[in-house]
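Structure first, commentary second.
The values are calculated or read from the model by the stated rules, or taken from the named source; none is laboratory data. This structure is a prediction, so every number in the text was calculated from the model and none was measured. Neighbour counts run over all protein chains shown; Cβ positions are idealised from the backbone, glycine included.
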Amino acid sequence: MSMVDVDVNGDVFCSIVLETPVSAPYLKQGGDITLLFKETEVSIGKNLSGLISLRNRFKAMISRVEKSGLLTKIYLDYKGKAVISIISTRSSEKLGLIQGDDVEWLVKTNEVSLIKEG
């Protein structure tokens, strides 16, 4: 098992994987990889302060909110890249999420998968 840090435009994403750089050479420093996580694993925080256990915590702006019954799809602009979060409509309403809001999005380390490029 390894904990792997990946630099993405100056932000460090963290992933726990079952392999090591010895068993999976693509994990060696300088390798090109793709990060994957499910939209349903992306949590949203608004006006967060203090420390939390989630290592993957990044700032973004909401570019669109689509409510659909029980679930709401939140589109985020993260450094010019699109990230989508699917959360309950109840949570989105409790947070008062609207287009233009500055928020933080979070993903647990064990929910980030790494895939070898190419």
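Structure notes:
- Odd one out for Asp77, checked against (1) loosely packed, with under 11 Cβ neighbours inside 10 Å; (2) without any contact (Cβ under 8 Å) to a residue 40 or more places away in the chain: (1)
- All positions within segment 66-83 that are touching a strand residue (DSSP E or B) at 6+ places or on another chain (Cβ under 6 Å) and among the aliphatic types (A, V, I, L, M): Leu71, Ile74, Leu76, Val83
- When restricted to residues that are within 23 Å of Met3 (Cβ to Cβ), in contact (Cβ under 8 Å) with a residue 12 or more places away in the chain and outside any strand (DSSP E or B), segment 49-74 contains 3.
- Just one of (1) in contact (Cβ under 8 Å) with a residue 40 or more places away in the chain; (2) part of a loop (DSSP other than H, G, I, E, B); (3) among the aliphatic types (A, V, I, L, M); (4) exposed (fewer than 13 other Cβ atoms within 10 Å of the Cβ) fails for Ile115. It is (2).
- Exactly one residue out of Ser92, Ser88, Ser68 is surrounded by 16 or more Cβ atoms within 10 Å (Cβ to Cβ) and either over 16 Å from Ile115 (Cβ atoms) or modelled with pLDDT of 90 or more (or both), and it is Ser92.
- The one condition from (1) β-branched (Val, Ile, Thr); (2) in a strand (DSSP E or B); (3) under 13 Å from the mean Cα position of the chain (by Cα) that Ile16 does not meet is (3).
- Restricted to segment 1-11, and to residues there that are free of Cβ contacts under 8 Å to residues at least 12 places away in the same chain and part of a strand (DSSP E or B), the residue that is surrounded by the fewest Cβ atoms within 10 Å (Cβ to Cβ) is Asp7.
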